[in-house]
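Input: a single structure, listed below in structure tokens.
The values are calculated or read from the model by the stated rules, or taken from the named source; none is laboratory data. What you see is a predicted model, and the numbers here were worked out from it, not measured in a lab. With ideal geometry, Cβ positions are generated from the backbone for all residues, glycine too; neighbour counts draw on all protein chains shown.
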Amino acid sequence: MLYRTFAAAVALAYLSAPALAQTTPAAPAPGTAMPASSDMTSSGRGMTMADTATVKLKYVTVKPADVMSSKLIGTTVYNNKNETVGEIEDLAIENGKTLTGVVVSVGGFLGIGESYVVLDPATLAISEKDGTWAVHADTDKDTLKNAPKFTYSKKKS
């Protein structure tokens, strides 16, 4: 149990760093320029925002300590008193490669009157016990209710 909690916390911490399943190119020797090839985009840069893919497809291996987003979405967020303070709704990923925020629904009842806040992933701890995932934050309901609100922007046609 302790190992899984530690492994899950480490995995969440790594999610806030650039994608680890990809390799980063070696730095050029001092005094030399970076290569001008498009190959640099396939080396640890994350997903690209574009209408077409221009990088050759690669496969990666998921490590046992990796946490899948599907396990986090819908997970209950508890405070240090083990009180429910919210639920994970979404993940914010900057430039297709770095987890920068965890969107949590707070307040309300049965979806009525709830609002969203975005938490720094480094401030959260995750655990798994008997197949049930939980997220823990050092906060309380009032703090989250009064936190800056997040609203989803509507995609323009």
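Residues that are aromatic (Phe, Trp, Tyr) and over 14 Å from Thr151 (Cβ atoms): find the strands (runs of 3 or more DSSP E) completely inside segment 79-135 holding 2 or more of those. Outline the logic, then answer.
Working: elements: 84-94, 98-106, 115-119, 124-129.
In segment 79-135, there are no strands (runs of 3 or more DSSP E) which contain 2 or more residues that are aromatic (Phe, Trp, Tyr) and over 14 Å from Thr151 (Cβ atoms).
Name the single residue, out of those in segment 105-157 being in contact with a helix residue (DSSP H, G or I) (Cβ under 9 Å, 6 or more places away or on another chain) and of a type in the set (Ser, Thr, Tyr), that is modelled with the highest pLDDT.
Here the answer is Thr139.
Might you check whether a residue that is modelled with pLDDT under 85, among the aliphatic types (A, V, I, L, M) and touching a Leu at 6+ places or on another chain (Cβ under 7 Å) occurs anywhere in segment 3-16?
As a first pass, look at segment 3-16 and keep what is modelled with pLDDT under 85: 3-16.
This time we only want the ones that are among the aliphatic types (A, V, I, L, M), so: 7-13, 15.
Add one more test, that the residue is touching a Leu at 6+ places or on another chain (Cβ under 7 Å), and what stays is 12, 15.
Yes, that holds for at least one residue.
Based on what the data block shows, is Ser69 out of contact with any helix residue (DSSP H, G or I) (no Cβ under 8 Å at 6 or more places or on another chain) and at pLDDT below 90? Don't jump to the end; show me each part of the working.
Details: out of contact with any helix residue (DSSP H, G or I) (no Cβ under 8 Å at 6 or more places or on another chain): yes; at pLDDT below 90: yes.
Yes; evaluated as a whole, the condition is true for this residue.
List, please: which pairs have Cβ atoms under 6 Å, are six or more places apart or on different chains, and start with a residue in segment 126-140 that is in contact (Cβ under 8 Å) with a residue 60 or more places away in the chain and of a type in the set (Asp, Glu) and end with one that is part of a loop (DSSP other than H, G, I, E, B) and surrounded by fewer than 19 Cβ atoms within 10 Å (Cβ to Cβ)?
Here the result reads Asp140/Asn79, each pair linking segment 126-140 to a residue that is part of a loop (DSSP other than H, G, I, E, B) and surrounded by fewer than 19 Cβ atoms within 10 Å (Cβ to Cβ).
Within the group Met68, Met49, which residue is exposed (fewer than 11 other Cβ atoms within 10 Å of the Cβ) and closer than 21 Å to Asp120 by Cβ? Spell out how you get there, then give the answer.
Values: Met49 fails: closer than 21 Å to Asp120 by Cβ.
That would be Met68, the only listed residue that is exposed (fewer than 11 other Cβ atoms within 10 Å of the Cβ) and closer than 21 Å to Asp120 by Cβ.
Given the structure, is Asp142 part of a helix (DSSP H, G or I), over 12 Å from Val77 (Cβ atoms) and out of contact with any His (no Cβ under 6 Å at 6 or more places or on another chain)?
When the stated conditions are applied, Asp142 passes them.
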